[in-house]
1. I'd like the residue in the stretch 43-72 that is of a type in the set (Gly, Ala, Ser) and at pLDDT 95 or above and, out of all such residues, is farthest from SER30 (Cα to Cα).
2. Given the criteria closer than 18 Å to MET1 by Cβ and either of a type outside the set (Lys, Arg) or out of contact with any strand residue (DSSP E or B) (no Cβ under 6 Å at 6 or more places or on another chain) (or both), does SER30 qualify?
3. Any residue at all in the stretch 52-62 that is touching a residue at least 12 places away in the same chain (Cβ under 8 Å) and outside any strand (DSSP E or B)?
Amino acid sequence: MDITPEELVKIQAYLRSKFDNSGLAVRPRSQTGDSIEVLLNGEFIGLVYKDTDEGETSYDFNMSILDIDLPE
């Protein structure tokens, strides 16, 4: 199920509010409509996937962290 433009706006507002950071932005993916890209100050940091099950919709934020990016 595709993420609508209205949902995209709501998800962005939620993430900005939850993390208290106006540098967070979301944008549609060209390959698929069931997820959107999450960016922090223009840098890709993860994906939000949409899932609808038994009439309920949820959104899953997935952020991969590479071990080389972690502080020593």
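1. Residues of the stretch 43-72 of a type in the set (Gly, Ala, Ser): 46, 55, 58, 64.
From what's left, at pLDDT 95 or above: 46, 58.
On the way: GLY46: 15, SER58: 21 Å.
Ranking the qualifying residues of the stretch 43-72, first place goes to SER58.
2. Numbers: closer than 18 Å to MET1 by Cβ: yes; either of a type outside the set (Lys, Arg) or out of contact with any strand residue (DSSP E or B) (no Cβ under 6 Å at 6 or more places or on another chain) (or both): yes.
Spelling it out, SER30 is indeed closer than 18 Å to MET1 by Cβ and either of a type outside the set (Lys, Arg) or out of contact with any strand residue (DSSP E or B) (no Cβ under 6 Å at 6 or more places or on another chain) (or both).
3. The answer is no; no qualifying residue exists.
The values are calculated or read from the model by the stated rules, or taken from the named source; none is laboratory data. Keep in mind that this is a model prediction, so the values were computed, not measured. Because the Cβ atoms are built from the backbone with ideal geometry, glycine has one as well, and the counts that use them run over all protein chains shown.
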